[in-house]
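Presented below is the structure to which this report refers.
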Amino acid sequence: MATDAPPPEGTSPAGPAQPTTEAFVAVQSSPEFADLRRSHRSFAFPLTIAFVTWYLLYVLLCNYAGGFMATKVVGNINMALVLGLAQFATTFLIAWLYSRHAATKLDPKADAIKSRMEADV
Amino acid sequence: MSAAHALYPTVQLAATEGASEHRPLIITLFAAFVVATLFITVWAGRQTKSASDFYAGGRQFTGFQNGLAVSGDYMSAASFLGIAGAIALFGYDGFLYSIGFLVAWLVALLLVAEPLRNSGRYTMGDVLAYRMRQRPVRTAAGTSTIVVSIFYLLAQMAGAGVLVSLLLGITSDAGKILIVALVGILMILYVTIGGMKGTTWVQMVKAVLLIAGTLLITFLILLKFNFNISDLLGTAASNSGKGTAFLEPGLKYGVDNISKLDFISLGIALVLGTAGLPHILIRFYTVPTAKAARKSVNWAIGIIGAFYLMTIVLGFGAAAILKQDDIIASNKAGNTAAPLAALEIGGGSGSTGGAILLAVISAVAFATILAVVAGLTLASSSSFAHDIYANVIRKGQATEKEEVRAARWATVAIGVVSIGLGALARDLNVAGLVALAFAVAASANLPTILYSLFWKRFTTQGALWSIYGGLASSVLLVLFSPVVSSKPTSMFPDVDFAWFPLENPGLISIPLGFLLGWVGSLISKEKADTDKYAELEVKSLTGVGAH
């Protein structure tokens, strides 16, 4: 679709130029895209399972391991508070890890596919 | 975020100590905030011309700006006053909420924010319906968006009445209704005039005020204890009268096996609900790219995380410097613990320092309520106009102008309905409404979002089963839970039809939502549209053709 074509009557403006369905299907089955998909999924899926499990473990410890959570670590600071703060720390850490992965591994691959497809429109 | 436990119906034993004598100052600060935000709204309204301006703020916000606005949209008065109050009364257990609310952002960051930004346009329904038959799935997505947002909105409105009444020392029913109406009218003005642009700026201003106010009180409390956290905790524990148990989990949720199970259910709903909340999701459309959406979430995680860390100091600080009886006398759920602590740390009742701090904290709480209700109203009116009016009723034939006009009228209608329901609900236990909003978001929206983005064989039937199944099961389970009947804290304490023992339905309804989406797709006669999936998958990961 040419970018200067008038929008179809009665609908809102079409926005940016869209590649054809055939182009999307071709790209989806290309090795470059398979590589991008793998880079995203193999990082995001296991990490999601990991942080959800770690969070549930914390919830279960709060519920069923009162004695352990009451252990004093320093002064009045006990294990419960340390593990709670550890949830904050791991959240910040995972956000940072993912963003670094995305910037170095995902963005270049995504940008390459995007600019190639947009050149073909 | 709305601490579900926080906003109980308040038998107003006593207005906040000192509130009435400082009323002129509090009202002046409230008024200053209202005038400033209305000014911003009118300014934003002048720049709102196209549908993309109204729905998505013209997609011109930076990652940092949107991160602030996301934080402003997410941190409700209940998390400010509610979590601090819950910590002040129940110690460690009050802190459990904030952990779930924060960890939840990782689901949004890793799986939802970027693909959504790349493949959608204005609403959550854009992504849910992308590969599906438009009309049924848009209807379902619009229904669940409006249900989640209205429950959430009601909780905020009812809470607003209670909180602002307490802070201003208003106890009459007429006064409370007036405040609910005022909040409703302001949110209608913000959204109809300013659209997403105005709402975003209001949320950004609110986030800055909230962080600054919390930082100030946190600093003053830490100063009092010479920055010795252990000393602060020790004083809180002994002053609470509960000893070291105050610093350990269990005072609130460890009562019996049912309450422990309820805590697991709540934890799952919190952690999976956030990434399915429509008013949060539409915020990602306000930035130009997926990278900016990622940056927004990172800023939001930083800001929200820092805020929740400060509420720990605020809550334990309140427990350390106030008497438990005074906190409970002011508000049974502890909602006024933070303002009371501000009054105390500023020099106590009657002092100028105390008066100023109390007024500042009260104004921040009010700003917080307004920014959150504006975001919720925008999410539901956008979904009505874009999903239901433009795509279902007008079958995609509505012009941009007609669509925005429909959105503005929907805002007025939703505003009026919320004022009415909010006035009726002002004495109800709103805890159930918020728990319900999170549970519905996690059961009805999240499975469909994830399947749509990542599962090739997902079908229209799967989407419909999952959305309606998750919606119906969570609503029904809450209806038959102790939230609604059987307990003194229930909405209807005098009757008992509560056969479901848990207050939060998530433990059942979330797995059910996922299961229904899967089974519905597998036994569907209609095969998944693989061409459409190719489009969605390539778009979502690369941003090709993104609006």
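The values are calculated or read from the model by the stated rules, or taken from the named source; none is laboratory data. Here the structure is a predicted model, which means the values were calculated and not measured. Please note: Cβ atoms are built from the backbone with ideal geometry, for glycine as well, and neighbour counts cover all protein chains shown.
On the given criteria, is B:MET187 within 23 Å of B:ALA444 (Cβ to Cβ), out of contact with any Asp or Glu (no Cβ under 7 Å at 6 or more places or on another chain) and crowded, with 24+ Cβ neighbours inside 10 Å? The answer is no for B:MET187.
This table checks each residue for (1) over 15 Å from B:LEU421 (Cα atoms); (2) part of a helix (DSSP H, G or I); (3) not hydrophobic (A, V, I, L, M, F, W, C).
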| residue | (1), (2), (3) |
| --- | --- |
| B:ARG135 | yes, yes, yes |
| B:THR143 | yes, yes, yes |
| B:SER149 | no, yes, yes |
| B:LEU163 | yes, yes, no |
| B:LEU167 | yes, yes, no |
| B:GLN203 | yes, yes, yes |
| B:LEU210 | yes, yes, no |
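Run down B:GLY241, B:GLY267 and say which single residue is modelled with pLDDT under 95, farther than 28 Å from B:VAL148 by Cβ and either away from chain A (no Cβ under 12 Å) or surrounded by 19 or more Cβ atoms within 10 Å (Cβ to Cβ) (or both). Break it down stepwise before answering.
Details: B:GLY267 fails: farther than 28 Å from B:VAL148 by Cβ.
Within the list B:GLY241, B:GLY267, the selection yields B:GLY241.
Residues that are on the phi < 0 side of the Ramachandran plot, facing another protein chain (nearest Cβ under 9 Å) and at pLDDT below 95: does region A:3-12 have at least one? Lay out the reasoning, then the answer.
Residues of region A:3-12 on the phi < 0 side of the Ramachandran plot: A:3-9, A:11-12.
Narrowing further to those that are facing another protein chain (nearest Cβ under 9 Å): A:11-12.
After this cut, where a residue has to be at pLDDT below 95 as well, the list is A:11-12.
Scanning region A:3-12, I find at least one residue that is on the phi < 0 side of the Ramachandran plot, facing another protein chain (nearest Cβ under 9 Å) and at pLDDT below 95, so the answer is yes.
Just to be sure, is B:PRO488 part of a loop (DSSP other than H, G, I, E, B), surrounded by fewer than 18 Cβ atoms within 10 Å (Cβ to Cβ), more than 14 Å from chain A (Cβ to nearest Cβ) and in contact with a helix residue (DSSP H, G or I) (Cβ under 7 Å, 6 or more places away or on another chain)? Spelling it out, it is not the case that B:PRO488 is part of a loop (DSSP other than H, G, I, E, B), surrounded by fewer than 18 Cβ atoms within 10 Å (Cβ to Cβ), more than 14 Å from chain A (Cβ to nearest Cβ) and in contact with a helix residue (DSSP H, G or I) (Cβ under 7 Å, 6 or more places away or on another chain). If only residues of region B:45-84 that are of a type in the set (A, V, I, L, M, F, W, C) and part of a loop (DSSP other than H, G, I, E, B) are counted, the one that is nearest to B:LEU166 (Cα to Cα) is B:MET75. Cβ separations smaller than 6 Å between residues 6+ apart or across chains give the following pairs from region B:450-476 residues that are without any contact (Cβ under 8 Å) to a residue 40 or more places away in the chain to residues that are assigned to a helix (DSSP H, G or I): B:SER474/B:ALA439; B:SER474/B:VAL440; B:SER474/B:SER443; B:SER474/B:SER509.
For B:THR311, the conditions (1) in contact with a Phe, Trp or Tyr (Cβ under 8 Å, 6 or more places away or on another chain); (2) within 11 Å of another protein chain (Cβ to nearest Cβ); (3) surrounded by 21 or more Cβ atoms within 10 Å (Cβ to Cβ); (4) closer than 27 Å to B:VAL373 by Cβ are fulfilled apart from (2). Candidates B:GLY543, B:GLY506: the one that is closer than 30 Å to A:SER115 by Cβ and within 14 Å of chain A (Cβ to nearest Cβ) is B:GLY543. State yes or no: is B:THR286 of a type in the set (Ser, Thr, Tyr) and either surrounded by 21 or more Cβ atoms within 10 Å (Cβ to Cβ) or more than 10 Å from chain A (Cβ to nearest Cβ) (or both)? Yes; evaluated as a whole, the condition is true for this residue. Figure legend. Inter-residue proximity from region B:87-107: first residues at the interface with chain A (Cβ under 9 Å from one of its Cβ atoms), second residues of a type in the set (Asp, Glu), beta-carbon distance below 8 Å, spacing 6+ or different chains. Indicated pairs: B:TYR92/B:GLU248. In region B:68-87, of all residues being closer than 18 Å to B:ILE312 by Cβ and of a type outside the set (A, V, I, L, M, F, W, C), the one that is modelled with the highest pLDDT corresponds to B:SER71.
If only one of B:PHE458, B:PHE438 is closer than 19 Å to B:VAL271 by Cα and of a type in the set (Phe, Trp, Tyr), which one is it?
On the way: B:PHE458 fails: closer than 19 Å to B:VAL271 by Cα.
Being closer than 19 Å to B:VAL271 by Cα and of a type in the set (Phe, Trp, Tyr) holds for just one of B:PHE458, B:PHE438, which is B:PHE438.
For B:ALA293, are the conditions met, namely being more than 16 Å from the chain's Cα centre (by Cα) and surrounded by fewer than 24 Cβ atoms within 10 Å (Cβ to Cβ)?
Details: more than 16 Å from the chain's Cα centre (by Cα): yes; surrounded by fewer than 24 Cβ atoms within 10 Å (Cβ to Cβ): no.
So B:ALA293 does not fit the description; no.
With respect to the conditions (1) within 8 Å of chain A (Cβ to nearest Cβ); (2) assigned to a loop (DSSP other than H, G, I, E, B), B:LYS252 lacks only one, and its number is (1). Based on this model, can you work out whether A:ALA80 counts as crowded, with 16+ Cβ neighbours inside 10 Å, facing chain B (nearest Cβ under 9 Å) and touching a Cys at 6+ places or on another chain (Cβ under 8 Å)? Yes: the conditions hold for A:ALA80.
Listed by first and then second residue, the pairs linking a residue in region B:297-320 that is under 30 Å from B:TYR285 (Cα atoms) to a residue that is among the aliphatic types (A, V, I, L, M) and outside any helix (DSSP H, G or I), with Cβ atoms under 8 Å apart and 6 or more places separating them unless they lie on different chains, are B:ILE304/B:MET75; B:PHE307/B:MET75. Counting only helices (runs of 4 or more DSSP H) wholly contained in region B:318-428, the ones carrying 3 or more residues that are surrounded by fewer than 24 Cβ atoms within 10 Å (Cβ to Cβ) occupy B:324-330, B:352-383, B:400-424. Taking the listed residues A:ALA70, A:ALA44, the one that is under 21 Å from B:TRP105 (Cα atoms) and either surrounded by 13 or more Cβ atoms within 10 Å (Cβ to Cβ) or more than 8 Å from chain B (Cβ to nearest Cβ) (or both) is A:ALA44, with no other qualifying.
Of all residues in region B:515-532, those that are surrounded by fewer than 24 Cβ atoms within 10 Å (Cβ to Cβ), in contact (Cβ under 8 Å) with a residue 12 or more places away in the chain, assigned to a helix (DSSP H, G or I) and touching a Phe, Trp or Tyr at 6+ places or on another chain (Cβ under 8 Å) total 5. Inspection of region B:38-55 identifies no residue that is touching a residue at least 24 places away in the same chain (Cβ under 8 Å), within 12 Å of chain A (Cβ to nearest Cβ), charged (D, E, K, R) and farther than 27 Å from B:PRO447 by Cα.
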